[in-house]
Amino acid sequence: MMHELVTLIGQYGVLMIFVVVLLEQVGLPLPAVPALVVAGALAADGQLLLPLLFGAAMLACIIGDAIWYAAGRRYGNRVLKTLCRVSLSPDFCVTQARANFDRWGMGLVVIAKFVPGLSTVVPPLAGAMRVEWRAFFLFDGIGAMLWSACGLGAGYVMHAQVAELLSQAERLGVGALILVAVTVIVHITAKWWQRRQMNAMLRSASIHVDELHALMNSEVRPLIVDFRSHQARRLDPRTIPGAKQVELRAIPVEVKQPVQPGQDVIIFSTCPNEAGAALAAQLLMERGYARVRPLQGGFEAWTMAGHDVQTISAVAA
């Protein structure tokens with residue numbers, strides 16, 4: 001079984017690398033890096049041409065990223081919110097990606113493919129932020145080149161070890177394929193369960209926009225924290241009246257306002273149904289704020305409900 005599989009890769013390796021890498025870049029949980037390593041090992045043994053493999057991987061990366069970049073440029077935050085809801089990597093969310101983009105700029109595009117959960121987020125984020133397409137594809141091409149070279153190069157250099165692993169898998173026969181399938185299923189299930197637990201936690205602690213509106217007119221006014229990134233606030237310079245603008249990574253330093261007994265701390269971003277809300281809540285609770293509640297639906301739900309907003313310049317003034 002494994003011998004036939006290796007023979008198949010040897011015959012159609014370039015096409016298979018192109019398809020696997022492309023599907024992985026558009027968001028499917030496929031093992032693109034192991035495929036590159038195996039293909040690199042076969043190239044070292046003379047069964048495949050390394051330049052063709054490298055070109056196929058590069059082309060697949062750029063096509064996949066171009067699709068996401070175009071979607072982000074056309075649909076903006078709607079694409080990013082969709083990624084928030086369906087991502088199997090809640091540990092790296094859009095809010096964190098925005099904050100890192102503010103900090104590292106186009107360097108984030110170069111390293112995105114090396115960070116799980118970031119590769120799919122950065123291209124549509126760059127499109128939504130109106131990054132000039134020539135700059136995006138220049139840095140994206142550098143990142144795709146480095147990522148493809150690392151995967152293929154590892155297999156090429158360690159071709160003897162890869163051949164030994166394939167030989168061991170050949171002796172296991174169907175058992176090796178079953179082991180790989182079970183590993184993939186367990187990984188996806190664990191990610192799904194992690195996402196489900198996080199969403200349940202956020203729902204149990206969250207506050208509805210109408211409830212917040214009523215709370216803002218009560219005797220004990222809540223402390224409202226807008227932890228959208230600088231770029232997100234630049235794209236939409238409105239906020240909830242009285243909200244304090246603090247980026248996610250600056251929460252432990254900048255949020256020092258004392259809280260009255262029974263006062264709620266309301267946090268919101270572009271999309272609170274993500275790991276950013278959980279991380280922001282954790283950071284605030286570490287600062288001693290006990291009643292931290294994410295806003296259901298984020299800032300979009302607030303505006304759709306027709307509640308008052310004010311520009312960030314007015315808040316600063």
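The values are calculated or read from the model by the stated rules, or taken from the named source; none is laboratory data. All values reported here derive from a predicted model rather than from experimental measurement. Glycine also receives a Cβ, built like all others from the backbone with ideal geometry; neighbour counts cover every protein chain displayed.
Data overview
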item	result
Any hit, region 292-304, residues being touching a Phe, Trp or Tyr at 6+ places or on another chain (Cβ under 6 Å), at pLDDT 80 or above and under 18 Å from ASP102 (Cβ atoms)	yes
Candidate set from region 15-36 (those that are at pLDDT 90 or above and over 21 Å from the mean Cα position of the chain (by Cα)); member that is surrounded by the fewest Cβ atoms within 10 Å (Cβ to Cβ)	LEU15
In region 121-168, residue modelled with the highest pLDDT [restricted to those that are within 20 Å of GLN25 (Cβ to Cβ) and not in a helix (DSSP H, G or I)]	VAL131
Flag for ALA44 being crowded, with 23+ Cβ neighbours inside 10 Å and over 18 Å from ALA112 (Cβ atoms)	no
Of all residues in region 169-191 being within 15 Å of PRO34 (Cβ to Cβ) and in contact with a helix residue (DSSP H, G or I) (Cβ under 9 Å, 6 or more places away or on another chain), the one that is modelled with the highest pLDDT	LEU179
Boolean, ARG233 is in a loop (DSSP other than H, G, I, E, B), modelled with pLDDT of 75 or more, farther than 15 Å from ARG287 by Cβ and in contact with a Ser or Thr (Cβ under 9 Å, 6 or more places away or on another chain)	no
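Okay, residues lined up against (1) buried (at least 21 other Cβ atoms within 10 Å of the Cβ); (2) modelled with pLDDT under 70:
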| site | (1), (2) |
| --- | --- |
| PHE268 | yes, no |
| ASN273 | yes, yes |
| GLY276 | yes, yes |
| GLY306 | no, no |
| VAL309 | no, no |
| ILE312 | no, no |
| VAL315 | no, yes |
